[in-house]
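Structure, as structure tokens:
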Amino acid sequence: MKIFPAIDLLDQKVVRLYQGDYDQQEIFGDDPVAFAKSFEDAGAEYLHLVDLDGAKAGRLHYFEIAKQIAEQTNLFVEVGGGIRDEATIQHCLDAGVNRVILGTIAQKDPEFTKEMLAKYGEQIAIGVDAKDGMVAVEGWLEKTETDAFEFCQQLKSWGAKTIIFTEISRDGTGQGINIPLYQKLNQLEVEIVASGGVASLADIEQLKAINIGGAIVGKSLYNGSLKLEDVLAAGKEES
């Protein structure tokens with residue numbers, strides 16, 4: 001299973017939010033490239049980079065940071081947060097980013113999303129952020145009337161290869177993963193990346209046991225409750 005340590009950027013600092021609340025943030029540092037390198041040194045192969053300022057504003061703020069990480073590490077870098085036009089997608093891919101995450105735009109502009117999935121294939125992931133079972137957009141600030149599971153079914157029909165599914169109520173809380181939810185999502189037969197609430201190695205082991213494609217690990221790494229080396233070992237496929 002792919003393990004994605006996460007770097008969330010706000011005001012050019014590495015932060016973690018509690019349940020997606022911009023007013024409840026913890027700052028962990030101001031050198032995201034150094035964090036990325038430390039993850040790589042620990043054995044990580046993947047990185048999940050989120051531009052929180054971009055998600056709120058609707059345009060990518062930290063392109064240069066993504067570019068530096070892509071240039072200075074060998075990590076598979078995926079970037080999300082405010083990416084809402086093809087020029088930005090192309091800009092990121094040209095800079096060495098491996099995968100671009102579309103979030104709000106996927107819910108608000110299906111035709112654009114279908115077109116980008118058809119054109120870029122596996123270089124596009126769709127981020128589905130769920131609050132009380134409904135899709136939330138605009139950096140999690142706005143809850144829609146769209147059922148999150150039904151939306152994932154739609155995304156599969158549009159050609160989505162990877163869905164990053166976040167349960168906002170668990171994000172940054174250390175509550176643990178909602179395994180029944182991910183069992184249901186896994187029936188869609190697309191790559192599902194679980195996000196929000198990974199608190200223990202048991203969470204990773206349970207996700208691996210139900211064949212979830214990947215997991216994003218954030219706050220539990222930063223507060224020291226989990227070591228990245230242990231998480232990577234728990235997610236490793238038996239040869």
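Residues are listed down the side, and each one gets a yes or a no for (1) modelled with pLDDT of 95 or more; (2) surrounded by 16 or more Cβ atoms within 10 Å (Cβ to Cβ); (3) of a type in the set (Phe, Trp, Tyr):
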{"position": "Leu155", "(1), (2), (3)": "yes, yes, no"}
{"position": "Trp158", "(1), (2), (3)": "yes, yes, yes"}
{"position": "Ile163", "(1), (2), (3)": "yes, yes, no"}
{"position": "Leu181", "(1), (2), (3)": "no, yes, no"}
{"position": "Val190", "(1), (2), (3)": "yes, yes, no"}
{"position": "Lys208", "(1), (2), (3)": "yes, yes, no"}
{"position": "Ser225", "(1), (2), (3)": "no, no, no"}
{"position": "Leu232", "(1), (2), (3)": "yes, yes, no"}
{"position": "Lys236", "(1), (2), (3)": "no, no, no"}
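Cβ-Cβ distances below 6 Å connect the following pairs, each with a first residue in the range 186-197 that is farther than 26 Å from Arg16 by Cβ, a second residue that is assigned to a strand (DSSP E or B) and open to solvent by less than 10 Å² (accessible area, probe 1.4 Å), and a separation of six or more residues or different chains: Asn186/Ile192; Val190/Ile163. Being open to solvent by less than 20 Å² (accessible area, probe 1.4 Å) and either closer than 22 Å to Leu10 by Cβ or at pLDDT 95 or above (or both) holds for only one residue in Leu93, Leu102, Leu141, and it is Leu102. Counting only helices (runs of 4 or more DSSP H) that sit wholly inside the range 148-239, those with at least 1 residues that are in contact with a Lys or Arg (Cβ under 8 Å, 6 or more places away or on another chain) are 148-158, 219-222, 228-235. Tally time: how many residues in the range 65-81 are open to solvent by less than 10 Å² (accessible area, probe 1.4 Å) and of a type in the set (Gly, Ala, Ser)? Residues meeting the conditions: 2. Here is the figure for the range 105-138: residues that are small (Gly, Ala, Ser) and buried (at least 17 other Cβ atoms within 10 Å of the Cβ) total 5.
Table: residues versus (1) of a type in the set (Val, Ile, Thr); (2) touching a helix residue (DSSP H, G or I) at 6+ places or on another chain (Cβ under 8 Å).
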residue	(1), (2)
Ala130	no, yes
Val135	yes, yes
Glu145	no, no
Phe151	no, yes
Leu155	no, yes
Thr162	yes, yes
Phe165	no, yes
Pro180	no, no
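For the range 19-42, the criterion of being in contact with an Asp or Glu (Cβ under 7 Å, 6 or more places away or on another chain), in contact (Cβ under 8 Å) with a residue 12 or more places away in the chain and under 25 Å from Lys131 (Cα atoms) is met by at least one residue.
The values are calculated or read from the model by the stated rules, or taken from the named source; none is laboratory data. All figures in this text were calculated on a predicted structure; none of them were measured in a lab. Cβ coordinates were reconstructed from backbone atoms using ideal geometry, including for glycine residues, and neighbour counts include every protein chain displayed. Protein only, heavy atoms only, side chains kept; ligands, DNA and RNA dropped before computing areas. Shrake-Rupley method; radii C 1.70, N 1.55, O 1.52, S 1.80 Å.
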